[in-house]
Structures are given as C-alpha cells and as structure tokens.
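Data block below; observations after.
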Amino acid sequence: MKILLVYPVFPDTYWSFRHALTFAGKSSAFPPLGLMTVASMLPDSWEKRLVDMNVESLSDEDIEWADMVFLSAMIVQKDSLEEVVARCNAKGKKVAVGGPFVSTGSPELSEADHIFVGEAETTLPEFIHDLELGVPERIYKADERPSLQETPVPDFGLIDIENYSSMSVQYSRGCPFQCEFCDIIEIYGRKPRTKSNHQMLAELDALKATGWRGMVFIVDDNFIGNKKNVRGLLPELISWSERNGSPFSFFTEASVNLAEDDALLEKMEEARFRRVFLGIETPAEESLKEAQKSQNTRRGLLESVKKIQSYGMEVMAGFIVGFDNDPEDIFERQINFIRKSGIPLAMVGLLTALPDTQLWRRLESEGRLLKESTGNNTDCSLNFVPKMDKERLVEGYKAVLQNIYSPREYYQRALDCISHFKKDKILTRKIDVIQDLKSLTKLLLTLGVKDKGRIRFWNYLIKLVMFYPREFGHGMTLAAMGYHFRKVTAANID
Ligand code: SF4
C-alpha cells in the first residue's frame, strides 16, 4: 500500500511567519507534526511519502503514485484541503481526512472517502483493520480520548528539516481550564494527558539524530496543563540537554498562571525554554470573566508577564477584542497594555465563534450566530452579531493593529523584550555563516532601505548594537517578525 500524506496550504496569517522566513531562506515555520505522527502509526510495510504544500507544490505524479491520500487540516486550511480532495477524486484516488477541521463539528466533507473525527490513536487502528478486511467505513469517530503513552515518535524522516525554521514535538493534549471561546477543550478534553518522560526524550533523540539544532516548539496548547507531570519531566529534560551538548532551545504555549509558580519557571529556564506564548486576551477584567478565563484574573496581568520575562523567556501573547463586556475604551486599553508589556509578538484578533465551542452554543441560543468561522481571527470578518456596533468594533480593531505594529511601537517593544534577556540566554541555533550573511544583507536592504519604517529600524539597530550586542541575532529575528506582522496587517486591513 502506498500512502501519500498531504498537508494543505496554511494561509498568510500571523502564525505563518512567512514574510519573516524568507529572510532566513526557510519555507515554513513548523513541520506537519500530526501527519508525521500518523505516518508512524501506519504499518511498516506500507510505503509513505509526505508533501507539505507549504514548502513544495503537490504534483499530479505525487497523487498518481499513491493508493490512498491522507490529509490533516485546521479550519484555516479548509480551502486548500478541499482543492486537494477534489484533485485526488478526479484521479480516482481514495482520500482520508482527519485533524481539527473535521473533528470540531464542521460540516461533512462530502468528497472525502474516509473521515476521522477525534484523535488518530483511537480511530486509525480500527480503520487499518477494516481496510485490510476490505470493509473500511466512511466515518471513524473516537469515543474516548486515548492515553498518549502509546503514541509513537513522529517520522522525522519524511521531511527535509532544512525547510523549517523550527522543529515540533508534542508533550500533552488537553487543558484544565474552560475558556468559553476555546475549541481545544472540546477536541482534547479538560483532563490533560501527557507522554511519558521516556517518550519525550526518545523524540528528542530522534530529532537530534536528524541533525537539527535550534528551536523546538512544544506544540501543546497548555504545556503546564498537568503541572505534576511537567515537574517530573523538566529535570530529565535538563539532564538530557547537558548530556547532549544543549542542542535545542524550547518554545511553548502556557496559561498565565505559569507566573504563579517560581519553582516551575526556574526549571523551565534551566531546561532552556526561551519563548512562551500566553493567552492574555484582554486587560478588561469584565471581559475575562465573561470568557470564563479566571486564571487571568488572579493577579495583575502585566505583573505576570514581567515575572515570566524575568526568567529569560520572551513572552508572545494572544489578545482578543469583541467580547460582549468590552468597555468603550477597550482599544486604547489594549494598545496601552501591549505597549507596557514589552511583548513584541502580540497577536490581536477579533473574537470568533469556533464550531462546537461553549461560545458557539451560547451565541446560537441567543440567535447571534451568522456563519461558520474562517478560522482566521485577524481577517476582520465577524461570524456573530457583536454587542458593540459592528463598524466601531472592526474600525477599533484595525486601529489597534495599525498602532501596535507601527515601526515606532514595535521596535520599542522589541528593545524592551530584549532588555529582559540575561547575558547567557542566547537562543540555540545552527551557525551557517553564508546563509546568515545572506539573511542579514536581505534584512538590511528590506528594512533599512526599502521599508517605510527605515529610520526607526536604524535607530533600533544602533541601540541593539550599543546596548545588547550579544542579543544581535535575536534582535534581528524580532525585526524580521515585525516586518511579517506589518505585511499581514496591511493585507488584512486594506
Ligand atoms: S487556557 Fe488556553 S487552551 Fe486552556 S481552555 Fe483557555 S484558551 Fe483553551
């Protein structure tokens, strides 16, 4: 059996980092970890190939080679997914689709032959069994959430690591909190399940064996969801890094209550965690309460950000406008908060009702749902009737974006962020002198000559070199990221 695994195109969003990656000669930020894990669950005797459409195009020959095509996608990849399904159908190939898009109560993808709802550890063995008997069903639905203790090491051999700016691993699924807008808890549940320490170290061994050196994204939606297990993992991660010459720095996502746990922060710092994404959402307490985000109201949010930064971790964060309880001055408050936080990569989106979430159900019962979510909360579209006047909300949102990604605001936040990095907290990265010089030249030409914000850029660069020379690489990465954010913003608000 020949299986072609295809990862559809991820559109140009803040998370694609596409405009920043071009400077580094990379095609995509992260590899398709879900499909690489699925590949490891398929029988060894099956031949497998993977096409990540974010780094290469899908050819007709690829499709013709396969007996069956497996796809996995998020809602935001829906258009590309449907296009691939149609191409495969036209060539008479069987298509199997899984991932968050089909797992969150989205409308059925009628053209796919097989649909996997839920996690592959539960559905895939049954499908393989039925396929071997010649009686595969159309829909496989996971009735239970599987333990991750049997989840295999992803097949890193299916990708070319050079195409990516970061590698990914997963430690846990699920989150104990109950944010109203969140689909993670609907898909993966509120009881976080983790892999064993042994599994995690085996994945890192496999990654190291590929030759990868640099950033590793632990893709968990909340890495500290199961704090007890994380506390057990970190000392082993620290020893592993020491034994292996510290080949990786880590980046993950966590809930804001991370700031309440100094012992955990200390261990994360020691384990080389250098960046963490927080769901801050809003400085308006009444909106946090509405969103059932109580973990963000227990202490000052700014204080929490500063605490985490003080452990040598760059904070990235998500922000949302459009809550029913947002006060009239929410836009100014978001701008001021982001300015004071020293968070360069502040991802501000409009509230969106994802399928099958608590928010979706509430808005449906209130008769306020308008349409399916695009899965992209920065494209200025609303899929529900907001309490605030719609025009005012969208205009206010655009004003926030224009302000926070303006060169003046962005470069200042980047400097504030860098000032928190201690001298020995350089990010691990592979040195490639020729590529690094090419990247720097391209960056200087684009940001220092062609870009409208070039004066601000040179001002930033001078301060970077004068005050934080050891953070030069980090500072240049942030400058490239800022360029990406400006490009995506301009495309979204035009
Ligand atoms: S903390 Fe994050 S992952 Fe957990 S429920 Fe809230 S939004 Fe979802």
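Nothing in this text is a laboratory measurement; each read-out follows from the coordinates by a stated rule. Given the structure is predicted, the values throughout are model-derived calculations rather than measurements. Glycine also receives a Cβ, built like all others from the backbone with ideal geometry; neighbour counts cover every protein chain displayed.
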### Task
Please work out the ratio of the alpha-carbon Rg of the range 190-285 to 2.2 N^0.38 Å and round it to two decimals.
1.11
### Message
What's the ranking of 83-93, 337-347 by average number of surrounding C-beta atoms within 10 Å, highest first?
### Response
337-347, 83-93
### Task
Among DSSP beta bridges lying fully in the chain, give the percent that are antiparallel, nearest 5.
5
### Message
Tell me which of Met215, Pro355, Tyr188 sits at the most positive position along the dipole axis of the range 166-404, charges placed on C-beta atoms (Lys, Arg +1; Asp, Glu -1).
### Response
Met215
### Query
Cα centroids of the range 3-20 and the range 215-256: how far apart, whole angstrom?
25
### Task
Would you mind listing how long the range 281-326 runs along its three principal axes, going by Cα atoms, in whole Å with the largest first?
36, 18, 12
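If you count, for each residue, the other Cβ atoms within 10 Å and average over each peptide, how do 112-121, 28-37 line up from highest to lowest? List each step's numbers first, then the result.
Numbers: 112-121: 20.9, 28-37: 22.6.
Answer by packing, highest mean first, reads 28-37, 112-121.
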### Summary
note: the range 327-459, Cα-Cα separations exceeding 17 Å make up a percent value of 71
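Just flag the trypsin sites (Lys or Arg not before Pro) in the range 243-309 sitting in loop per DSSP whose Cβ has no more than 14 other Cβ atoms within 10 Å. Intermediate results must be reported in sequence, preceding the final value.
Working: sites: Arg243, Lys267, Arg272, Arg274, Arg275, Lys289, Lys293, Arg298, Arg299, Lys306, Lys307; in loops: Arg272, Lys293, Arg298, Arg299.
Here the trypsin sites (Lys or Arg not before Pro) that fit, given the DSSP loop and packing criteria, are Arg298, Arg299.
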### Loop sites in the range 257-346: GluC sites (Glu not before Pro), DSSP, at most 12 other Cβ within 10 Å
Glu328
### Query
Do you know the relative contact order of the range 2-141, to the nearest whole percent, from alpha carbon pairs under 8 angstrom that are 6+ apart?
24
## Note on the structure
Within the chain, the cysteines whose Cβ lies no closer than 4.7 Å to any other cysteine Cβ are Cys88, Cys175, Cys380, Cys417
#### Entry: Percentage of interatomic Cα-Cα distances in the chain larger than 42 Å
15
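Give the relative contact order (percent, whole number) for the range 197-268; include only Cα pairs under 8 Å separated by 6+ residues. Can you show the working numbers first?
Numbers: 56 pairs, mean separation 30.0, N = 72.
Averaging sequence separation for qualifying contacts and normalising by length gives 42 percent for the range 197-268.
Equivalent-ellipsoid semi-axes (√(5λ), Cα gyration tensor) for the range 1-64, whole Å, largest first?
Details: eigenvalues 133, 36, 16 Å².
Ellipsoid half-lengths, sorted descending, are 26, 13, 9 Å.
Under the rule of -39500 (n - 2.57) per DSSP H run of 4 or more residues, summed and divided by the residues of the chain, what mean residue ellipticity at 222 nm is obtained, to the nearest 500 deg cm²/dmol? The partial results should precede the final answer.
Values: 19 runs with 209 residues, N = 494.
-13000 deg cm²/dmol, from helical runs alone.
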## Note on the structure
Against the 2.2 N^0.38 Å rule of thumb, the C-alpha Rg of the range 152-207 sits at a ratio of 1.41
### Distance between the range 170-186 and the range 374-396 - C-alpha centres, whole angstrom
24
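Hey, any idea what Rg/Rh is for the range 97-171, computing Rh the Kirkwood way over Cα pairs? The partial results should precede the final answer.
Numbers: Rg = 14.7 Å, Rh = 14.4 Å.
That ratio equals 1.02.
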#### Entry: Selection from Leu201, Leu443, Val321 lying farthest towards where the dipole of the chain points positive, charges on Cβ
Leu443
### Task
For the range 2-141, go through all pairs of different Cα atoms, get the mean of 1/r, take its inverse, and jot down that Kirkwood value in Å.
15.5
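When the Kirkwood radius is taken over all Cα pairs of the range 166-404, what Stokes-Einstein diffusion coefficient follows at 10 °C and 1.306 mPa s, in µm²/s?
Working: Rh = 18.9 Å.
Result for D is 84 µm²/s.
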## Note on the structure
Of the convex hull enclosing the alpha-carbon atoms of the range 239-333, the direction-averaged projected area in nm² is 6.5
